[in-house]
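Each remark here refers to the structure printed beneath this line.
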Amino acid sequence: MRVLVTGGAGFIGGHVVEQLVANGADVVVVDSLTAHNGPPDYLPPAAELRVADLTDERAVQQAVDGVDAVCHQAARVGLGVDFDDVTGYVRDNDAGTATLLRALWRRSFTGRIVVASSMVVYGEGRYRCASHGMAQAQPRTVEDLGAGRFEPRCRRCHSVLAWTQVDEDVPLDPRNVYAATKVHTEHLAFLYGRETGAPVCALRYHNVYGPRMPRDTPYAGVASIFRSAYEAGLAPRVFEDGGQMRDFVHVHDVARANLAALESSWVGACNVASGEPHSVLEMAAALGAGFRGPVPAPVVTGEFRLGDVRHVVAAPDRAAQALGFRAEVSFGEGMAAFAHAPLRA
Ligand SMILES: NC(=O)c1ccc[n+]([C@@H]2O[C@H](COP(=O)([O-])OP(=O)(O)OC[C@H]3O[C@@H](n4cnc5c(N)ncnc54)[C@H](O)[C@@H]3O)[C@@H](O)[C@H]2O)c1
Ligand SMILES: [Zn+2]
């Protein structure tokens with residue numbers, strides 16, 4: 001089977017490529033290498049790398065030739081710096097996806113398409129009120145956050161809400177440009193599937209961590225930022241009260257989910273998560289425990305960013321039922337190993 005992996009030189013794409021090659025697939029990678037200094041050394045030599053931008057129509061048309069399945073990982077990631085980034089996100093993620101899909105359409109492709117999506121499509125997580133059942137969270141105000149009132153409250157009775165798992169059927173609510181482009185990527189891919197009959201699956205990754213995660217940049221995930229702090233002998237600075245609940249899923253499991261999705265022909269969106277939620281403070285502690293010798297204790301700063309969501313916890317059931325995917329790397333082992341994993345400069 002010949003598989004095109006877009007963004008295959010990236011953090012997650014690289015692990016997908018590695019597992020596909022190990023399984024005997026013939027892999028072609030299209031990656032602009034914008035996030036890299038040259039081709040990364042972890043790409044298996046058996047994978048064919050085509051250095052090209054996804055918006056390069058000719059290069060993409062050539063790359064889709066002869067492929068049986070597509071795994072679309074390429075994207076401009078992270079939250080960006082400010083709204084000035086909007087055109088860059090739309091170009092890479094929307095126009096890039098559109099160029100890929102049109103190239104597939106021009107060769108009447110009806111094979112498997114798996115696209116990388118994200119938990120950011122949900123915006124806020126899901127909450128339950130003791131009196132009102134499933135409840136919408138009131139937006140958190142600067143006054144609330146400044147006074148340390150971090151937990152979202154019920155719009156109807158203003159009591160503190162309890163978090164519950166987010167399943168794939170909740171209405172999508174992208175809250176930033178990157179999230180909006182991930183929703184659009186899903187929608188464009190599903191439209192392609194409806195028009196052509198190609199079975200499309202969108203994988204909504206939760207907080208991915210593991211070897212080759214990009215280092216400490218404005219775009220890096222919190223696990224990588226905390227790790228860099230520990231390495232510098234500094235205490236990780238934990239925002240709010242550290243009680244924000246997330247699902248940290250290891251990149252090996254995310255790559256396994258992609259292989260499972262490529263093998264299946266199930267159509268729809270699935271969370272890709274560990275099913276083992278932890279707070280950000282627990283994550284800082286588990287990561288610190290992986291370092292040899294004492295490390296500074298995380299500092300809970302009470303700082304906040306208005307745009308942050310309080311809790312996002314995934315329901316992992318659909319991926320289990322639809323794709324037969326369950327995460328295997330435990331939180332404790334994965335985080336301890338992450339303390340010493342190579343990171344991308
Ligand atoms: N890391 C996470 O926690 C996370 C969470 C949710 C979703 N995702 C999604 O997973 C996918 C992979 O993300 P990642 O964390 O591996 O990021 P990454 O930056 O390591 O990988 C993305 C790759 O895409 C390439 N790329 C970017 N724009 C391109 C373009 N226009 N043309 C060709 N190649 C291009 C980059 O060079 C890079 O190699 C993305 O679609 C992202 O939205 C990641
Ligand atoms: Zn209520």
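The values are calculated or read from the model by the stated rules, or taken from the named source; none is laboratory data. In this text the structure is predicted, and so the values were computed from the model without any measurement. No Cβ is skipped: glycine too gets one built from the backbone with ideal geometry, and neighbour counts run over all protein chains shown.
Looking at Val183, is it at pLDDT 95 or above and within 16 Å of ligand 1 (Cβ to nearest atom)?
In short, yes.
Tell me which residues, restricted to the stretch 152-200, are closer than 28 Å to Arg102 by Cα and hydroxyl-bearing (Ser, Thr, Tyr).
Of everything in the stretch 152-200, those that are closer than 28 Å to Arg102 by Cα and hydroxyl-bearing (Ser, Thr, Tyr) turn out to be Tyr178, Thr181, Thr185, Tyr192, Thr196.
Run Arg91 past the list (1) of a type in the set (D, E, K, R); (2) surrounded by 15 or more Cβ atoms within 10 Å (Cβ to Cβ); (3) more than 30 Å from Asp308 (Cα to Cα) and report the number of the one that doesn't hold.
Among (1) of a type in the set (D, E, K, R); (2) surrounded by 15 or more Cβ atoms within 10 Å (Cβ to Cβ); (3) more than 30 Å from Asp308 (Cα to Cα), the lone unmet condition for Arg91 is (3).
Among the residues of the stretch 282-302, count how many are closer than 24 Å to Tyr122 by Cβ and more than 18 Å from the chain's Cα centre (by Cα).
2
What are the residues in the stretch 222-258 that are within 15 Å of ligand 1 (Cβ to nearest atom), surrounded by fewer than 20 Cβ atoms within 10 Å (Cβ to Cβ) and under 17 Å from Ala285 (Cβ atoms), if any?
Correct list: Val222, Ile225.
Looking at Val30, is it of a type in the set (A, V, I, L, M) and more than 8 Å from ligand 1 (Cβ to nearest atom)?
On the way: of a type in the set (A, V, I, L, M): yes; more than 8 Å from ligand 1 (Cβ to nearest atom): no.
No, not satisfied.
Residues to consider are Leu101, Leu203; find the one that is more than 16 Å from ligand 2 (Cβ to nearest atom), over 30 Å from Met335 (Cβ atoms) and not charged (D, E, K, R).
Only one candidate qualifies: Leu101.
Results for (1) assigned to a loop (DSSP other than H, G, I, E, B); (2) modelled with pLDDT of 95 or more, shown as yes or no for each residue.
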{"residue": "Tyr230", "(1), (2)": "no, yes"}
{"residue": "Leu262", "(1), (2)": "no, yes"}
{"residue": "Ala284", "(1), (2)": "no, yes"}
{"residue": "Pro294", "(1), (2)": "yes, no"}
{"residue": "His311", "(1), (2)": "yes, yes"}
{"residue": "Arg318", "(1), (2)": "no, yes"}
{"residue": "Phe325", "(1), (2)": "yes, yes"}
{"residue": "Glu333", "(1), (2)": "no, yes"}
{"residue": "Ala337", "(1), (2)": "no, yes"}
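I'd like the full set of residues that are touching a Leu at 6+ places or on another chain (Cβ under 9 Å), farther than 14 Å from His311 by Cα and not polar (S, T, N, Q), limited to the stretch 136-154.
Answer for the stretch 136-154, where residues must be touching a Leu at 6+ places or on another chain (Cβ under 9 Å), farther than 14 Å from His311 by Cα and not polar (S, T, N, Q): Val142, Leu145, Cys154.
Does Val249 satisfy being in a loop (DSSP other than H, G, I, E, B), in contact with a helix residue (DSSP H, G or I) (Cβ under 9 Å, 6 or more places away or on another chain) and touching a residue at least 12 places away in the same chain (Cβ under 8 Å)?
no
May I ask you to list pairs of residues, at least six apart or on different chains, whose Cβ atoms are under 8 Å apart, with the first in the stretch 138-165 being at pLDDT below 95 and the second being of a type in the set (Gly, Ala, Ser) and within 16 Å of ligand 1 (Cβ to nearest atom)?
none
Cβ-Cβ below 7 Å, separation at least six or inter-chain, first residue in the stretch 83-99 and within 13 Å of Ala179 (Cβ to Cβ), second β-branched (Val, Ile, Thr) and part of a helix (DSSP H, G or I): which pairs?
Final answer for the pair search is Asp85/Val177; Val86/Val177; Tyr89/Val177; Tyr89/Thr181; Val90/Thr181; Asn93/Thr181; Asn93/Thr185; Asp94/Thr181.
Do you know which of the residues in the stretch 152-164 that are crowded, with 18+ Cβ neighbours inside 10 Å and either in a loop (DSSP other than H, G, I, E, B) or within 16 Å of ligand 1 (Cβ to nearest atom) (or both) is nearest to the chain's Cα centre (by Cα)? So that I can check it myself, show each step before the final result.
Within the stretch 152-164, the first condition is being crowded, with 18+ Cβ neighbours inside 10 Å, and the residues that meet it are 152-154, 161, 163.
Checking the rest, the ones that are also either in a loop (DSSP other than H, G, I, E, B) or within 16 Å of ligand 1 (Cβ to nearest atom) (or both) come to 152, 161.
Values: Pro152: 24, Leu161: 26 Å.
Taking the candidates together, the pick is Pro152.
Does at least one position in the stretch 173-180 carry a residue that is at pLDDT below 95, on the phi > 0 side of the Ramachandran plot, surrounded by 15 or more Cβ atoms within 10 Å (Cβ to Cβ) and assigned to a loop (DSSP other than H, G, I, E, B)?
No, the stretch 173-180 contains no residue that is at pLDDT below 95, on the phi > 0 side of the Ramachandran plot, surrounded by 15 or more Cβ atoms within 10 Å (Cβ to Cβ) and assigned to a loop (DSSP other than H, G, I, E, B).
Identify all residues within the stretch 109-131 that are in a loop (DSSP other than H, G, I, E, B), surrounded by 15 or more Cβ atoms within 10 Å (Cβ to Cβ) and not acidic (Asp, Glu); write none if there are none. Steps first, answer last, please.
We begin by selecting, within the stretch 109-131, every residue in a loop (DSSP other than H, G, I, E, B); these are 109-111, 123-125, 130-131.
Next cut, surrounded by 15 or more Cβ atoms within 10 Å (Cβ to Cβ) only: 109, 111, 123-125.
Result: Phe109, Gly111, Gly123, Gly125.
Which residue, of Gly221, Gly243, Gly233, Gly210, is under 30 Å from Pro294 (Cβ atoms), small (Gly, Ala, Ser) and without any contact (Cβ under 8 Å) to a residue 40 or more places away in the chain?
That would be Gly221, the only listed residue that is under 30 Å from Pro294 (Cβ atoms), small (Gly, Ala, Ser) and without any contact (Cβ under 8 Å) to a residue 40 or more places away in the chain.
Report the residue count in the stretch 132-151 for those that are in a loop (DSSP other than H, G, I, E, B) and more than 11 Å from ligand 2 (Cβ to nearest atom).
Counting residues in the stretch 132-151 that are in a loop (DSSP other than H, G, I, E, B) and more than 11 Å from ligand 2 (Cβ to nearest atom) gives 8.
Taking the condition of a type in the set (Gly, Ala, Ser), touching a residue at least 60 places away in the same chain (Cβ under 8 Å), surrounded by 23 or more Cβ atoms within 10 Å (Cβ to Cβ) and touching a strand residue (DSSP E or B) at 6+ places or on another chain (Cβ under 7 Å), does Ala269 pass?
no
Which count do you get for residues in the stretch 30-68 that are free of Cβ contacts under 8 Å to residues at least 60 places away in the same chain and closer than 20 Å to Arg91 by Cβ?
Summing the residues that are free of Cβ contacts under 8 Å to residues at least 60 places away in the same chain and closer than 20 Å to Arg91 by Cβ in the stretch 30-68 gives 18.
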